[in-house]
Amino acid sequence: MKKLTYYPGCSSHGTSLEYDHTMRITLKSLDVAVQDMTDWNCCGATSAHVMTENLALALPLRNLIMAEKVSNDPMVISCAACYSRMKATKIEMDSKPDLRKKINTTVEEGTYMGTVDVKSLLQYCYEDVGIDEIKLRVKKPLWGLKVACYYGCLLTRPKHIANFDSAEYPMSMDHIVEALGAKAVDFDYKTECCGASFSISNTELVVELTGKILEVAKEAGADIIAVACPMCQSNLDMRQFQIEKSRGEKFDIPVVYITQLMALAFGHPVSELKLSRHIVPAEPMLGKILNEPPQEEKKVKPVKKAVAKTVEETE
Amino acid sequence: MARVGVFVCYCGSNIGDYVDVKKVAETVSQFKDVKVVVDYKYMCSDPGQGHIKEAIVKDKLTSIVVAACSPRMHEKTFRRALTDAGLNPYMLECANIREHSSWVHQKDKDAATNKAIDLVRMAVVKSIANEQLHEISVPVTKRALVIGGGIAGIQAALDIADAKIPVVLVEKSPSIGGKMAQLDETFPTLDCAQCILTPKMVDVLNHPFIELMTYSEVTELQGYVGNYKAVIKKKASYVNFKTCTGCGACWQKCPVKVPNEYNMLLDKRKAIYSPFPQAVPNKPVIDAPHCTRMLKGPGKCEICAKVCEKGAVDFDMKDEYVEREIGAVVVATGYQLWDPKPYEEYGVGRYKDVITSLEFERMVSSNGPSNGVPFRPSDGEVPKEVVFIKCVGSRDESKGISYCSKICCMYSAKHAILLHHKVPDSHAYIFFMDVRASGKGYEEFWKRTMTETGASYLRGRVSKIYQKGKKLIVRGEDGQIGQTVEIEADMVVLANAVYPQKDAPDIARMLGISYDKYGFFSEAHPKLRPVETAKAGIYLAGCAQAPKDIPETVSQASACAAKVCGLFSGDTLKKDPMITKIQKEYCSGCLNCINACPYGAIVTEEIPLGHGSKEMRTVAYINEGVCQGCGSCVAVCRSAAPVLSGFTDPQLIGEVISA
Amino acid sequence: MIKLNNLHHNPFLEAVNKKSGADVLDCYQCGKCVATCPVSSHMDITPRQIMQYIKLNQKTQVYMANSTWFCLTCSSCSARCPREIEIPSVMEACRHLAIEENVYPNSPKVKEIKRFHEIFIDMVKKYGKLYELRMMAEYNIRSGNFFKDIALAPAALFKGKLKLFPEKSKNMKAIDKMFKMAEELDKVKV
């Protein structure tokens, strides 16, 4: 029985409640025990490290210490931003003992031991659980559903902090989606930034960047976009209507969490997915799922004849 | 009775300003056995040497100490002076009071002077223990081996053969010509590569002094300078070259199609094939892993044998191993182009229309897959908007390559010109960090590119390429205007790095030469000995040593030829006698020294167990010709069996005690 | 026109290198970061230019630009930098140095961004966790844009995306202490 210590993050009971809920039921299906922390605080997200040096390390450090109190099992974090902050802090604390002593003075609940691994939820599912285990649990394959897997910035970058998958063209989420029976489309904007925490303070920027992501996803033929971060989901989903207005084009692309897809494929009832919480209606995606695997698309043969034609024309 | 002469140099102000030379001279004159002390401004000069020679004759000196600069500078000079005066040159000892004292202790004159005195004292004691050594002569086989049949190997072979020295030229592919045979037009003259190369290739084939072995590889090299033995594997071509006329009937009829390496896999060749029309020798070979007959057995296919009028196809041919005695080796194994797959942001491998520079070169070549017209691999259409990206791999530490590949700036400019010639309504966009055009006529060539073609030179790197419909969106920066730019390109050409061949480390190990962290073979000295290796008799030519263009390659190849001719100019080779000999009576036969020797100079020999005994025992034996006198064996031997002339235990211990 | 001299003594470069852990001297001005950065076209001076300004000891130009404030810390640049320079760390070091010296760009957009971050941190100070509703309300009030994102509010509230009432950390005493001690360590009053 695998165990993990779960850090929920500030949005998990608010904007990303559906992520938290489907994560719990999915992990249960995968025979993973979720241990909650007795107390935790905000990791500081972007704002803390933008404005401060020491507070930005103190906030995550307290969480690391609280996780160590639960067990030595991996600390798994569903939000990519929180994961990045926690992992970065862990790396700093592990490599700089003087800094660790200094920052630890701000946390009265305990001393940092460095015994707990920090992983993102996507990383945990891919590395610790594994594709084979996920495949085994699939009861209702998501045949025919075309998914653009959007990773965002912090699941695979910075390279020396995340140390997971490719920073340019990661495939872990794509492999999970394929294991669920759906088709992961070739999505060139899978790691382009959506504008992140500027959602409120620089909304025009987010409209521009997130809009581009939606555009490329639409061109790639995606029915839905799958994400593993509440910030990404929020920008792509909550701002979609605003983006449609400013661009004068329709997208209608639901943005769902990878755990919602997993829960659906594992046979959980649709009501458990909490699809009603999405701003861009996500229910239509259910209609796109087929009852049998889709036909293989006929491959287009590379055109040798065209070359000869061109040569003849020039001759 | 030892009579030592000490000559202390001021070296202008180099030594004189920091060491009290007069005091050194005075103190030294008090030493036991020192008969003559002279101090002089420039000991290496003619008058300076004159002092030494005079003193040797006048005072009947038995050994000399020169207290001056490093022996690396003038040991040879002073040894010659001793010889001129009739004294064995190995009775010289250099005390380095410049690099070891005055240059490093400039702040403390007293300490520097005392150290100089110590150094001289040690040298005096050593010089008394020196032995009269004589240069060794080793025989030399006057035949050269050239490994690699590209332009470097071809040039070296022709130059050596023109000096009437036999050359064995070994090339592993079916034809000589190398990368140059894959080029269309070359910078800065836009000479057709084939036109200037094929005459040389034909010369090689017809030269009376060149034995050409294509489709062959050197598998073993044993021995030492002037006395190598090479084992060469002649791979089975399954075609009898003597009877084959090169008519081409066989490859026309062969039913099997294989991706064509010569055209960078852009089109197909047959299983029996000659790589390109101008191949030398123009005889086909059978690519056994793809041939139906070779895979499935007798009776299958055999169409080539059926159509051959001369009956030249021989399916029973086997690999043949031949041996050649060799005096010197020229290594000209060339380079490969680095695979740009790590540039995931450029979609290498995912987008068909993102290609490498050599693929583009084949497209624009008249003997290429499309008769010289560039085309998009995805749909065969002629591209109009072409983006060229330089420094793909080169100068990129995040991809593990810190060096510059030297040729890409020039060939990218050339590609822009060729694109303009072949597709007049096209436009080239070239992303660069620098434009390196330092050769003769190169800057002018770049100017020509800019003015003739109007190519857009954008100073910045490309961050991402992605597909949008039929086009490739290329996003980069033009730092000169300080703006991010985006281009909808039909095709993207990557100037990927020049990189050592995959098997370069294996070749180096076989030959016993060293290579750097990339696999480029190491020259003996980067500035002063660029064509020699640390192993005597083995020389380097071409890109196997470092990226370079054709003019430099040809120069280096000719330089190798000059070295080989110099090596072969006498009947014997003279060797430094400061090498090691095994005192067999002390050798226990543990053979630890063989592991320690970096030159492979130590072998075994059988000697009688005892005096007059019939039973034999194994001891180590050092090959005079190969030993470089490094002393590694001396250090590891527990029995003190090896003796390194010029650095014997009594000599060194004497120095230490006197210090 | 900038006057350059005595660059063998470059305190700005030393400070940035020390704070960031990177070596700005590694930068060979290739511009890949600029081409990669999603917001470079919105910046006063690009990341590449910032590297050059640091090498030339021109801290005021860097402090007064909106660049470090617009940086998304998305790390796209450092993932592609051929010299493997941690550019986000360099941007952060410049920003922190500016904060220490109390120098801020005049741009109104930067003021908005700074305001947002300060309110966010204030929420964490009060509740230990982010109270999104109050944060958005305070931001709207303080920025004078009372009706910003008001269209989103009904959907967000009814779908339960924004909680009406805050959730506090259990040990607020520990959070208070952390903030006080961190403030002392940082030179910035949060």
Charges at C-beta only: +1 for Lys and Arg, -1 for Asp and Glu. How large is the resulting dipole of the protein assembly as shown about its Cα centre, in Debye rounded to 20? 800 debye
Checked against the positive end of the charge dipole of the stretch C:108-185 (+1 on Cβ of Lys and Arg, -1 on Cβ of Asp and Glu, about the Cα centre), the farthest of C:Ile121, C:Leu185, C:Ile175 is C:Ile175
Within the stretch B:6-81, pairs of Lys residues whose Cα atoms are less than 18 angstrom apart, provided they are eight or more positions apart or on distinct chains, add up to 11
Please list, in chain and number order, the residues 5+ apart from B:Val239 or on another chain whose amide H is under 5 Å from its amide H, with Hs placed from the backbone. B:Ile286, B:Asp314
Shielding by partners, peptide C:123-130 (average Cβ within 10 angstrom, other chains): 6
Answer in debye to the nearest 20: the dipole magnitude of the stretch B:280-406 about its Cα centre, from +1 Lys/Arg and -1 Asp/Glu charges placed on Cβ, is 200 debye
For the stretch C:39-44, just list the computed ³J(HN,Hα) in residue order, Karplus coefficients 6.51, -1.76 and 1.60, θ = phi - 60°, integers in Hz, with x standing in for Gly and Pro. 10, 4, 6, 9, 7, 5
Dipole axis of chain B (+1 Lys, Arg; -1 Asp, Glu on Cβ), positive-most option in B:Asn240, B:Ala596, B:Tyr621: B:Asn240
Could you check what % of the DSSP bridge pairs in the protein assembly as shown are antiparallel, to the nearest 5? 45 percent
Toward the positive end of the charge dipole of the protein assembly as shown, about the Cα centre and with charges on Cβ (Lys, Arg +1; Asp, Glu -1), which of B:Gln278, B:Tyr343, A:Trp143 goes farthest? A:Trp143
Points 7 angstrom from Cα along the Cβ direction at B:Leu609 and B:Asp503: gap in nanometres? 4.6 nm
So how tilted is helix C:87-100 from the main axis of chain C? Cα-based, degrees 0 to 90, rounded to 10. 80 degrees
Answer in debye to the nearest 20: the dipole magnitude of the stretch B:4-129 about its Cα centre, from +1 Lys/Arg and -1 Asp/Glu charges placed on Cβ, is 180 debye
Could you work out how far helix A:80-95 tilts from the main Cα principal axis of chain A, as a 0 to 90 degree angle to the nearest 10? 50 degrees
Return the percentage of antiparallel bridges among DSSP beta bridges fully within chain B, rounded to the nearest 5 %. 55 percent
Ranked list, fewest to most other Cβ atoms within 10 Å of each Cβ, for B:Arg121, B:Arg436: B:Arg436, B:Arg121
Quick one: B:Ile117, A:Ile289, C:Ile99, fewest Cβ neighbours within 10 Å first, how do they rank? A:Ile289, C:Ile99, B:Ile117
Membrane-span-like helices in chain B: DSSP H runs reaching 18 Å or more (Cα, own axis), mean Kyte hydropathy at least 0.5? B:193-206, B:550-567
Calculate how many DSSP beta bridges within the stretch B:133-231 are antiparallel, expressed in % of all such bridges and rounded to the nearest 5. 45 percent
How much FRET efficiency would the formula 1/(1 + (r/R0)^6) give for B:Leu528 and B:Lys53, where r is the Cβ-Cβ distance and R0 is 35 Å, rounded to 0.05? 0.75
For helix A:203-219, what angle does its Cα long axis make with the longest principal axis of chain A, in degrees from 0 to 90 and rounded to 10? 40 degrees
The alpha-carbon center of the stretch B:418-478 and that of the stretch C:40-80 are separated, in whole Å, by 27 Å
Residue by residue, what Karplus-based ³J(HN,Hα) values in Hz, rounded to whole numbers, does the stretch B:266-274 have, using 6.51, -1.76 and 1.60 with θ = phi - 60° and x for Gly and Pro? 7, 9, 10, 10, 9, 6, 9, 7, 10
As straight-line cross-link partners of C:Lys59, the qualifying aspartates and glutamates (C-alpha separation under 12 Å, not fewer than 8 residues apart within one chain) are C:Glu14, C:Glu101
For the stretch B:395-400, in residue order, the Karplus 3J(HN,Hα) values (coefficients 6.51, -1.76, 1.60; θ = phi - 60°; whole Hz; Gly and Pro = x) are 6, 10, 5, 5, 9, x
Check A:Ala33: other-chain or 5+ apart residues with amide H under 5 Å from its amide H, H built from backbone geometry? A:Lys2, A:Lys3, A:Leu4
Residues whose built amide H sits under 5 Å from the amide H of B:Ala95, excluding neighbours closer than 5 in sequence, are B:Val66, B:Ala67, B:Ala68
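We did not get these values from a lab; they are worked out from the coordinates using the rules stated. Note that the structure is predicted; figures quoted are calculated from it, not measured. With ideal geometry, Cβ positions are generated from the backbone for all residues, glycine too; neighbour counts draw on all protein chains shown.
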